[in-house]
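The values are calculated or read from the model by the stated rules, or taken from the named source; none is laboratory data. A quick note: this is a predicted structure, and the numbers were derived from the prediction, not measured. Heads up, the Cβs are rebuilt from the backbone with ideal geometry, glycines too, and the neighbour counts pull from every protein chain shown. Ligands, DNA and RNA are stripped out before the accessible areas are found, and what is left, the full protein with its side chains, is counted by its heavy atoms. Shrake-Rupley method; radii C 1.70, N 1.55, O 1.52, S 1.80 Å.
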Amino acid sequence: DTAVSQTPKYLVTQMGNDKSIKCEQNLGHDTMYWYKQDSKKFLKIMFSYNNKELIINETVPNRFSPKSPDKAHLNLHINSLELGDSAVYFCASSQGAGGLNEQFFGPGTRLTVL
Amino acid sequence: GDSVTQMEGPVTLSEEAFLTINCTYTATGYPSLFWYVQYPGEGLQLLLKATKADDKGSNKGFEATYRKETTSFHLEKGSVQVSDSAVYFCARGVQTGANNLFFGTGTRLTVIP
């Protein structure tokens with residue numbers, strides 16, 4: 001199926017650990033994103049990549065680092081996890097500008113930091 | 001600054017009731033406007049969009065009209081179904097810098113039989 005996929009779906013870990021979340025899209029899109037959704041469902045952009053170039057980096061701690069090995073993948077690495085990092089993380093992609101064109105979202109990764 | 005203000009939820013309606021979820025925005029210029037829907041346990045998906053003033057987006061019985069004079073993009077449906085229960089997000093395109101979306105806070109809709 002053509003889609004945006006993320007792994008893992010659930011991630012439970014201890015404070016201080018380092019973890020990664022993987023994202024892949026097979027839609028041929030040129031831009032990919034990471035969003036964080038908190039417990040109140042508020043959705044905030046973290047990063048986006050366009051043709052392997054970072055074009056957004058909001059006020060996100062540098063413990064978070066996106067890595068894009070190719071146009072179809074945008075992985076999220078998180079170092080020294082903190083309790084406040086607990087949230088659902090969504091990957092998304094679009095063809096062209098995300099402010100004009102439809103973004104396609106993955107199913108989300110629920111991260112719980114204990 | 002630029003923002004999206006969305007009607008607070010949760011909203012609970014009986015099946016076949018009329019739905020309105022209010023959304024207003026502030027922005028420089030005329031951004032594209034979107035409604036996304038998030039069904040339980042899933043990611044967001046585009047419901048409808050409008051790219052210029054007076055455009056009407058529609059899908060699955062939902063409609064929203066881009067009103068420049070009131071800077072609004074209210075979501076409406078004439079007769080909701082149980083399957084419409086979800087969280088609805090209003091969003092506007094960010095036109096400066098990197099093109100992206102700015103989301104409202106979401107409105108949870110529950111439709112009861």
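Just to be sure, is A:Leu43 within 14 Å of another protein chain (Cβ to nearest Cβ), over 29 Å from B:Glu8 (Cα atoms), out of contact with any Cys (no Cβ under 6 Å at 6 or more places or on another chain) and at pLDDT below 95? Considered against the rule, which asks whether it is within 14 Å of another protein chain (Cβ to nearest Cβ), over 29 Å from B:Glu8 (Cα atoms), out of contact with any Cys (no Cβ under 6 Å at 6 or more places or on another chain) and at pLDDT below 95, A:Leu43 comes out as no. You will find that of A:Lys36, A:Lys40, the residue that is free of Cβ contacts under 8 Å to residues at least 24 places away in the same chain and open to solvent by 10 Å² or more (accessible area, probe 1.4 Å) is A:Lys40 and no other.
Could you check chain B for strands (runs of 3 or more DSSP E) lying wholly inside it with 1 or more residues that are of a type in the set (Val, Ile, Thr) and more than 27 Å from A:Lys36 (Cβ to Cβ)?
Numbers: elements: B:3-6, B:11-14, B:19-21, B:23-26, B:33-38, B:44-50, B:56-59, B:62-65, B:75-77, B:86-94, B:100-103, B:107-112.
Fully inside chain B and qualifying: B:11-14, B:19-21, B:62-65, B:107-112.
Taking the condition open to solvent by 10 Å² or more (accessible area, probe 1.4 Å) and either more than 9 Å from every other protein chain (Cβ to nearest Cβ) or over 23 Å from A:Ala92 (Cα atoms) (or both), does B:Ser72 pass? Can you show your working first?
On the way: open to solvent by 10 Å² or more (accessible area, probe 1.4 Å): no; either more than 9 Å from every other protein chain (Cβ to nearest Cβ) or over 23 Å from A:Ala92 (Cα atoms) (or both): yes.
Criteria not met by B:Ser72.
Taking the range A:67-83 as the range and being without any contact (Cβ under 8 Å) to a residue 60 or more places away in the chain and either within 12 Å of chain B (Cβ to nearest Cβ) or open to solvent by less than 20 Å² (accessible area, probe 1.4 Å) (or both) as the test, the residues that pass are A:Leu74, A:Leu76.
Can you find a residue in the range B:48-69 that is small (Gly, Ala, Ser), surrounded by fewer than 15 Cβ atoms within 10 Å (Cβ to Cβ) and within 13 Å of another protein chain (Cβ to nearest Cβ)? The answer is no, given that none of the residues of the range B:48-69 is small (Gly, Ala, Ser), surrounded by fewer than 15 Cβ atoms within 10 Å (Cβ to Cβ) and within 13 Å of another protein chain (Cβ to nearest Cβ).
If you go through the range B:20-50 and keep only what is over 19 Å from A:Leu43 (Cα atoms) and at pLDDT 90 or above, you end up with B:Thr20, B:Ala50.
Just give me the residues in the range B:15-44 being free of Cβ contacts under 8 Å to residues at least 60 places away in the same chain, within 14 Å of chain A (Cβ to nearest Cβ) and either crowded, with 20+ Cβ neighbours inside 10 Å or under 12 Å from the mean Cα position of the chain (by Cα) (or both), in sequence order.
In the first step, residues of the range B:15-44 are kept if they are free of Cβ contacts under 8 Å to residues at least 60 places away in the same chain; the result is B:20, B:22, B:24, B:26, B:30, B:35, B:37, B:39-44.
Going one step further and asking which of them are within 14 Å of chain A (Cβ to nearest Cβ), we end up with B:30, B:35, B:37, B:39-44.
Listed by number, the residues that qualify are B:Trp35, B:Val37, B:Gly43, B:Leu44.
Scanning the range A:84-96 for residues that are farther than 18 Å from A:Glu24 by Cβ and either open to solvent by 30 Å² or more (accessible area, probe 1.4 Å) or touching a Ser or Thr at 6+ places or on another chain (Cβ under 6 Å) (or both) yields A:Gly84, A:Ser86. Taking the stated definitions as given, is B:Thr12 more than 11 Å from every other protein chain (Cβ to nearest Cβ), within 30 Å of A:Arg110 (Cα to Cα) and open to solvent by 20 Å² or more (accessible area, probe 1.4 Å)? For B:Thr12, the condition - more than 11 Å from every other protein chain (Cβ to nearest Cβ), within 30 Å of A:Arg110 (Cα to Cα) and open to solvent by 20 Å² or more (accessible area, probe 1.4 Å) - is met. Checked against (1) buried (at least 17 other Cβ atoms within 10 Å of the Cβ); (2) polar (S, T, N, Q); (3) touching a residue at least 40 places away in the same chain (Cβ under 8 Å), A:Thr112 passes all but condition (1).
The set of residues from the range A:1-13 being in a strand (DSSP E or B), surrounded by fewer than 16 Cβ atoms within 10 Å (Cβ to Cβ) and not small (Gly, Ala, Ser) comprises A:Thr7, A:Tyr10, A:Val12.
Beta carbons closer than 6 Å, at least 6 apart along the sequence or on distinct chains, pair a first residue in the range A:1-24 that is within 14 Å of A:Ser86 (Cβ to Cβ) with a second that is open to solvent by 80 Å² or more (accessible area, probe 1.4 Å) for A:Tyr10/A:Arg110; A:Gln14/A:Leu114. Here B:Lys77 fits the description: basic (Lys, Arg) and either loosely packed, with under 15 Cβ neighbours inside 10 Å or more than 10 Å from chain A (Cβ to nearest Cβ) (or both).
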